[in-house]
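Worksheet: the structure to be examined is printed underneath.
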């Protein structure tokens, strides 16, 4: 009796919703005229590259060639650097964004949730800058001798899952990136936790007009005036619970 053992990669791929993925591909006609590297093949290749820690197309191809005996199990026919590069450049990113949304929902359903004294959804918003080599990534313009990108992230605090990530060049201000996000995709009443970098009155107004709330820190040069105060601030560590107005038209 011959026993066939599936590779770890094949077992991981089996966890992906392949039929649903093909639906996403069909919505964009992404496999039209494709002969050797379908969108599913591309996903397989990039999945392998991610879990194997490959850093270049050459590294990916050399690694796959050493595994050519399992290509049939993975559904691969022929993999070259040019084919992978063309697929990465021309296949619609919306396909993989839709696949991410499927897994995001699955993760949200199974991970334990933090319990708070309020029922609102809670999102922490922040960004991080990733330095890149300017000569290799000339599109990621940042400084004269340095390249970089910014990842603007919304973290679902209850589930500890990042649910929205926007990538921009490193020069893009945090406020501009957050303004570009469709806030209506969040459950109504979501509380956004923001750093001082996001204190922009047009943005804060947009948040409240969408039916959400925000918590942030006051800028040092902001001029405010107290107009009312609650006698007993609710919550441990709350020093003051006040109603304020800005004492100048610009709030500064």
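The values are calculated or read from the model by the stated rules, or taken from the named source; none is laboratory data. Being a predicted model, the structure only gives us computed values, none of them experimental. Every residue, glycine among them, receives a Cβ derived from its backbone with ideal geometry; neighbour counts consider all protein chains shown.
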Of those in the stretch 41-79 that are surrounded by 14 or more Cβ atoms within 10 Å (Cβ to Cβ) and part of a loop (DSSP other than H, G, I, E, B), the residue modelled with the lowest pLDDT is 67
Among 159, 123, 143, 134, the single one that is in contact with a helix residue (DSSP H, G or I) (Cβ under 8 Å, 6 or more places away or on another chain) and not assigned by TED's automatic domain parsing to the domain that holds residue 25 is 159
Among 113, 106, the single one that is out of contact with any helix residue (DSSP H, G or I) (no Cβ under 8 Å at 6 or more places or on another chain) and either farther than 29 Å from residue 192 by Cβ or in contact (Cβ under 8 Å) with a residue 40 or more places away in the chain (or both) is 113
Screening 30, 14 for residues that are assigned by TED's automatic domain parsing to the domain that holds residue 78 and modelled with pLDDT of 90 or more leaves only 30
Of those in the stretch 164-217 that are touching a residue at least 40 places away in the same chain (Cβ under 8 Å) and part of a strand (DSSP E or B), the residue surrounded by the most Cβ atoms within 10 Å (Cβ to Cβ) is 192
Reported set for the stretch 118-150 where residues are in a loop (DSSP other than H, G, I, E, B) and modelled with pLDDT of 85 or more is 118, 119, 120, 121
Looking across the stretch 33-66 at residues that are touching a residue at least 40 places away in the same chain (Cβ under 8 Å) and more than 24 Å from the chain's Cα centre (by Cα), the single one that is nearest to residue 8 (Cα to Cα) is 37
